[in-house]
Amino acid sequence: MGHPRRRGHPHAHHHHHHVRCPRRIALPAAALLLFLAVSLLSVSILSAPPLEDRHGLTSSSSRRSLRPRERNNSGGELEGTESVEAFTVPANGLIGRYDLWRSELASNFYGCSISSSKFLDSNMSTQPDRYLIIVTSGGLNQQRTGIVDAVVAARILNATLVVPKLDQTSFWKDSSNFSEIFDIDWFISSLSKDVKIIKEPPDKGGKAMRPYKMRVPRKCTPRCYLNRVLPAMMKKHVIRMTKYDYRLSNKLDTDLQKLRCRVNYHALRFTDPIQELGNKLTQRMREKSRYFIALHLRFEPDMLAFSGCYYGGGEKERRELGAIRKRWKTLHIHDPDKGRRQGRCPLTPEEVGLMLRALGYSSDVHIYVASGDIYGGEDTLAPLKALFPNFHTKETLSSNEELAPFLKFSSRMAAIDFIVCDESDAFVANNNGNMAKILAGRRRYFGHKRTIRPNAKQLYPLFMKRGNLSWDEFSSQVRMIQNGYMGDPMEIMPGKGEFHANPAACICGMPQRNSGVIPSSRSNREPVNITEIRKTIIQQPYPVYTDEEADVSDTEDDPTGRGDATDAEADDDSVVRREDPELEEILSD
């Protein structure tokens with residue numbers, strides 16, 4: 001799953017029809033338009049060189065036309081929106097030095113997760129009569145983060161880990177157990193030197209030992225586990241932690257971070273049936289095209305309702321999504337536009353398509369789309385399909401017989417999508433949920449495969465004013481905005497963001513001749529050249545967090561030190577977080 005990708009560019013084919021996008025002003029004369037476009041482009045290059053300064057912009061004589069941007073579910077214009085003239089979107093992408101499918105710097109870095117000599121073998125570190133049972137929370141990818149952190153928590157406590165229990169009662173309602181999604185024997189054996197793992201809870205005298213149930217706060221540090229969990233474990237011997245997601249600090253010492261990577265990127269393998277179908281779908285995409293994009297598209301009605309975002313659908317949208325929100329008394333939306341302005345809302349399918357075309361992906365590129373039910377159905381998807389007609393899903397690529405064993409299990413279906421998205425040449429998500437984060441980190445670890453993170457906060461105002469821009473102006477600004485969000489090495493400073501999305505401690509630089517150290521990591525918001533990278537090779541790459549540095553407070557985001565541990569008599573759901581857990585599950589995965 002982590003092989004280097006081939007270099008290349010999408011082929012530019014000419015199409016003799018048009019895709020039209022909205023514009024609020026009439027088009028000026030052709031000569032004047034050309035003059036203004038060149039003038040504005042020159043100014044933008046002088047002030048802040050966009051990506052096309054390096055790779056050029058290709059125009060096309062044959063163009064497509066999109067219908068008006070804001071449309072209702074019946075295909076007409078949305079209530080309260082004006083009819084506007086459209087700018088034209090070229091069918092062709094960019095041809096130049098910039099590689100759309102692979103970072104030119106990727107070969108300088110590799111994933112590294114081998115433990116140091118100080119990291120003791122589990123046979124020496126594991127203490128008798130210490131057992132940890134965890135129950136995950138949410139959908140597949142949220143549960144994955146819990147499984148990864150559970151292994152590390154067991155190591156911190158020097159305890160034996162019982163194979164994690166998957167959440168079967170969440171919004172996603174999947175009855176699958178661990179062994180029906182992941183290769184359980186490989187999971188246990190591959191981590192045997194790190195943590196002792198058993199399949200079933202321990203028994204005493206033929207009877208299962210009663211676990212002591214408790215909960216730790218979010219982002220609980222190693223000191224937090226040693227102060228809060230270890231005393232109970234030494235007394236009760238078996239600890240059961242529920243709703244286990246993001247219950248471990250983002251900042252840990254290097255050996256524990258590398259253990260996270262060994263679990264996430266090596267120990268968690270899908271079962272053979274899931275992996276085989278995922279591989280088949282990937283191969284079928286490869287048979288259609290040398291390169292393909294995978295898009296994780298979250299735009300389900302429930303998700304939009306819970307996000308509290310407004311997409312210009314007038315009273316119909318407010319009424320439909322408002323009805324869904326009423327099912328949750330804790331959900332109150334005061335400013336529906338605020339989330340979009342702050343970049344916290346998913347991009348629409350059309351916005352994703354426009355961004356990809358502006359970045360240089362042509363209409364002949366094949367796209368694999370991983371999504372649930374889309375709000376507005378085919379009407380909502382129509383602009384994206386007009387821009388990229390080679391549109392595929394697991395349902396279109398597989399037969400009914402192939403998909404039948406997985407249809408009733410949302411996590412297994414999500415796992416199939418995960419495999420194809422992971423194997424794609426370029427991956428993009430319209431959201432910042434767990435799948436997007438985990439795949440972003442995984443793709444960094446396995447060679448910095450092209451991974452596009454929409455800079456939603458900056459893109460939103462550009463989408464709102466696009467009717468007043470020419471295509472050249474619009475696409476140039478998209479490329480400037482996305483510079484630093486394309487999955488290149490060193491885009492994100494070490495320690496920033498969730499570790500699952502930016503596993504900096506597990507990314508090493510290729511050693512140079514006569515040097516055994518790894519290069520410095522730095523921001524990639526400015527142009528970077530290989531010579532500069534080589535000059536920094538003698539510096540230390542990533543910060544190493546000692547226990548003292550990582551544990552300044554008991555929890556990373558709870559300086560008060562107040563936790564929500566419960567006693568053995570409490571029911572699993574007796575402790576309710578301040579946020580609504582079901583809303584969080586829907587939004588995050």
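Using only side-chain charges placed at the Cβ, +1 for Lys and Arg and -1 for Asp and Glu, the dipole size of region 272-511 relative to its Cα centre rounds to 700 debye. How long is the gain from Q458 to H266 if the chain were fully straight, where each residue apart is worth 0.36 nm and the alpha carbon distance is subtracted? Contour length minus Cα-Cα distance gives 65.6 nm. Rolling a 1.4 angstrom probe over the protein heavy atoms with all chains in place gives region 300-340 an accessible area of 53 Å² per residue. What region 122-266 shows is 37 Å² of accessible area per residue, with the surface traced by a 1.4 Å probe over protein heavy atoms. The listed peptides 220-228, 124-132, ordered by packing as a protection proxy, come out as 220-228, 124-132 (highest mean of other Cβ atoms within 10 Å first). Fully extending the segment from K235 to I198 would add 11.3 nm, taking 0.36 nm per residue of separation and subtracting the current Cα-Cα distance. Normalised by the number of residues in region 419-494, the average gap of Cα pairs under 8 Å and 6 or more apart makes the relative contact order 33 percent.
Against the compact-protein benchmark of 2.2 N^0.38 Å, the Cα-based radius of gyration of region 272-511 scales to 1.04. Remark: spin-label model distance F391-R325 equals 2.8 nm, labels positioned 7 Å along the Cα→Cβ axis.
For region 122-266, the equivalent ellipsoid derived from the alpha-carbon gyration tensor has semi-axes of 20, 18, 16 Å in decreasing order. Placing dummy labels 7 Å off each Cα toward the beta-carbon, the span from I114 to W186 is 2.2 nm.
When region 122-266 is described by a simple charge dipole with +1 on each Lys and Arg Cβ and -1 on each Asp and Glu Cβ, the residue from S190, Y244, V163 located farthest towards its positive end is Y244. Quarter the surface of the alpha carbon convex hull of region 168-236 and you get the mean projected area, 7.1 square nanometres. Of the solvent-accessible surface of region 272-511, computed with a 1.4 Å probe and all protein chains present, 51% belongs to carbon and sulfur.
The values are calculated or read from the model by the stated rules, or taken from the named source; none is laboratory data. Just so we're clear, the structure is a prediction, and the values are computed from it rather than from any experiment. When we count neighbours, we look across all protein chains shown, and the Cβ atoms used for this are built from the backbone with ideal geometry, even at glycine. Surface areas here come from the heavy atoms of the whole protein model, side chains and all, with no ligands, DNA or RNA. Shrake-Rupley method; radii C 1.70, N 1.55, O 1.52, S 1.80 Å.
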